[in-house]
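A quick write-up on the structure given underneath.
Only the coordinates and a few stated rules stand behind these numbers; no lab work does. Since the structure is predicted, the reported quantities are computational estimates derived from the model, not experimental observations. Here the Cβ is made from the backbone with ideal geometry for all residues, glycine too, and neighbour counts use every protein chain on show.
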Amino acid sequence: MNAGATAANGLWALSCLSGALAFHRATGAVAHTQERLLRACLARNADTVFGRRHGFARIRSVCEYRERVPLSTYEDYRDAVGRIAAGEPGVLTREPVLLLEPTSGSTEATKLIPYTARLKTEFQRALAPWVANVYREHPGLLGGQAYWSLSPVTARDDRVPGGVPIGFDDDAEYLGPVARRLARSLQAVPAEVRLLSDLEAFWYATLLFLLRCEHLALVSVWSPTFLTLLLGRLAPWQERLAADVAAGTFSAPVPVDPALARRLSSGARPDPRRADRLRAAFGAGRSPGEFHAALWPSLGVVSCWADGNSRTYAAALAELLPQARLQPKGLVATEGIVSFPLPGRSGAALAVRSHFFEFLPEGGRGEPRLAHELEAGRTYSVVLTTGGGLYRYRLRDRIEVVGHFGQCPLLRFLGKEDQVSDWFGEKLDEGHVREVLDAALARQGLGAAFALLACEPGGSPAAYTLFLESPGADQSLLAVASDLEAALGANYHYRYCRALGQLGPVRVFRVAGGGAEACLRACADAGQRLGDVKPALLSRRGGWSSHFRGHFVPALPRDRHGRCGAAREGHVREAGPGSRHAGRSPR
């Protein structure tokens, strides 16, 4: 137990208590809470370009709001975001826009989401009860430190022409000022690690600081594969890491900026006792789970995605860290926070105090439902109205209602809607994939009788495979895949997953013939009615290579960055930690 950590954790838990109590009160009055949020949002933003256009000042009910404001997607905000980026105030919100946070888009690679102080407060209203509940359920966390891998690559200084920053400097900014200071004081890995521009240096520094931390109690990441990849790098660096712990030094396996290296080692004290314990664990011949438990015996909670496509990877991570309880995250998007976990409950609680929510019944059957109208066992698609200026915004996330906590629905995230593939947070959209693949085929002068892009998760690492039925030579098909990989790299989140090694580069499978028929047969075998199968370029399913006749086209040799040969002019390079083009851990 660390006295300083105990004090900081205790203060943070106390600071979250009022938010937790407010949430519990709201679970008994969900309809009233939601209506009050909507009325306040409309009143605040009545005198904006968007508010005047849609008559916010004259709206008196949810029904009137639906009549005046249509359901929207990001395409409906493109002009407004452009005006905000140019410096125009009062476009979507009366509050000034603090920053534009990038996320992946549909017809473009990246979209920018406006963030205001109100939107940050809405996130905090859901984070407070989550933090309070974590400490209440796991009091042993009070004496330890934490590793928050919310945004391990955030060194950016980009601004739009109007001067608005692009992206957070630090994900701790989601928290309030008191919680932000306390969270940073508890971090096992200092924020400066994000400035390392080489991925291997980033992994090494992260492991080094985690191994120095004898009382690591909480780990919060997004994709479970991030932590699996990190732990997989322990073996080749064991002796180097132990030596750095013993001497209080930082000797990365690759060159690092000397000034940054000095900053990273400045506060470290030699700890030969801890190094001896690490060496004993390294040489004990234990199973991976026993090995990691010996390194971090105080680890009590690991928070990560565990639903949808992440379920298998979360189960594998749980085996690697048996000493900790794996807690599935709720549904958190760049645009807003939908749900957060509750102790002892299946599913995650709807963040009823954060945004105004509507839910579209799956299949488009019936009118949108409000939070208090959701039925257990039913599946819906989420619609948000937020303090950041998104009104009736289709998030395109599918959820299932698994129960209720008081009147508050408990949700389970199922995945993105039909046109989005999202295994590790890459969020590939079929509209964007279709556009860039058409361009890649045209550059090679090729046609395709059949094309399908799908993630094959069984590889090491997993990778998207382009299943292509085309008369082109193998070299031409590889050129198409290379162009496709470069264009997908413009997607903020895909580039992040590639940089971390969660995804490998796009591969090519040459379909020998009958691709469309084989695809139709596979969909029917999976339980779809033949009449309901829609032609699709992007699939959310894996395992397609077993359904087609053909073969994988051998790739050209790649350099250490994963590029085929020399990078061609115009191709998007992968972004490592510290690059201003690198993405934040996907939400």
Simple spin-label estimate for Arg273/Arg365, 7 Å along Cα→Cβ, in nm, reads 6.5 nm
How high is the relative contact order of region 120-328? Use alpha-carbon pairs under 8 Å, at least six apart in sequence, and give a whole percent.
22 percent
Starting from the 7 Å offset along Cα-to-Cβ, what nm value, one decimal, do you get for the label separation of Arg159 and Asp438?
3.8 nm
If a helix is a whole DSSP H run, which ones in the chain reach 18 Å or further along their own axis (Cα) and hold a mean Kyte-Doolittle hydropathy of at least 0.0?
3-26, 199-212, 474-488
How do the peptides 347-354, 236-243, 255-262 rank, highest first, by the average count of neighbouring beta carbon atoms within 10 Å per residue?
347-354, 236-243, 255-262
Structure-based [θ]222 nm, the chain - -39500 (n - 2.57) summed over DSSP H runs of at least 4, per residue, nearest 500
-11000 deg cm²/dmol
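From the gyration tensor of the Cα coordinates in the chain, what semi-axes in whole Å does the equivalent ellipsoid have, largest first, with each one equal to sqrt(5λ)?
In descending order, the three semi-axes are 35, 34, 23 Å.
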Consider a paramagnetic label point 7 Å from the Cα of Ala22 along Cα→Cβ; state which residues of region 341-360 have an amide N under 16 Å from it.
351-356
Debye intensity ratio I(q)/I(0), log10, region 120-328, q values 0.08, 0.09 Å⁻¹ (C-alpha model):
-0.29, -0.37
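Shape of region 420-552 from its Cα gyration tensor (a ≥ b ≥ c, root eigenvalues): rounded if a/c is under 1.5, otherwise prolate when a/b > b/c, or oblate? Show your work: numbers first, answer last.
Numbers: a/c = 1.57, a/b = 1.16, b/c = 1.35.
Since a/c reaches 1.5 but b/c is at least a/b, the shape of region 420-552 is classed as oblate.
Considering Cα pairs under 8 angstrom that are at least six residues apart, work out the relative contact order of region 167-259 and quote it in whole percent. Each step should come with its number before you reach the end.
Working: 51 pairs, mean separation 28.3, N = 93.
Value for region 167-259: 30 percent.
How far, in nm, would the chain grow between Arg378 and Asp474 when pulled straight, counting 0.36 nm per residue and subtracting the alpha carbon separation? Don't skip to the end; give the middle numbers.
Numbers: separation 96, 0.36 × 96 = 34.56 nm, distance 4.68 nm.
Here the segment from Arg378 to Asp474 would lengthen by 29.9 nm.
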Most to least packed among 340-346, 432-438 [average Cβ atoms within 10 Å]
432-438, 340-346
Trypsin sites (Lys or Arg not before Pro) restricted to region 11-62 and DSSP loop, no more than 13 other C-beta within 10 Å
Arg60
Contact order normalised by residue count of the chain, Cα under 8 Å, 6+ apart, percent
16 percent
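Compute the length gained on full extension between Glu290 and Glu319: take 0.36 nm times their separation in residues and subtract their Cα-Cα distance, giving the result in nm to one decimal.
Going from the current span to full extension adds 9.5 nm.
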Sort out for me the Cα centre separation of region 344-405 from region 189-211, rounded to whole Å.
38 Å
With the Cα gyration tensor of region 1-119 giving a ≥ b ≥ c as the square roots of its eigenvalues, does the rule (a/c under 1.5 for rounded; else a/b larger than b/c for prolate; else oblate) give rounded, prolate or oblate?
oblate
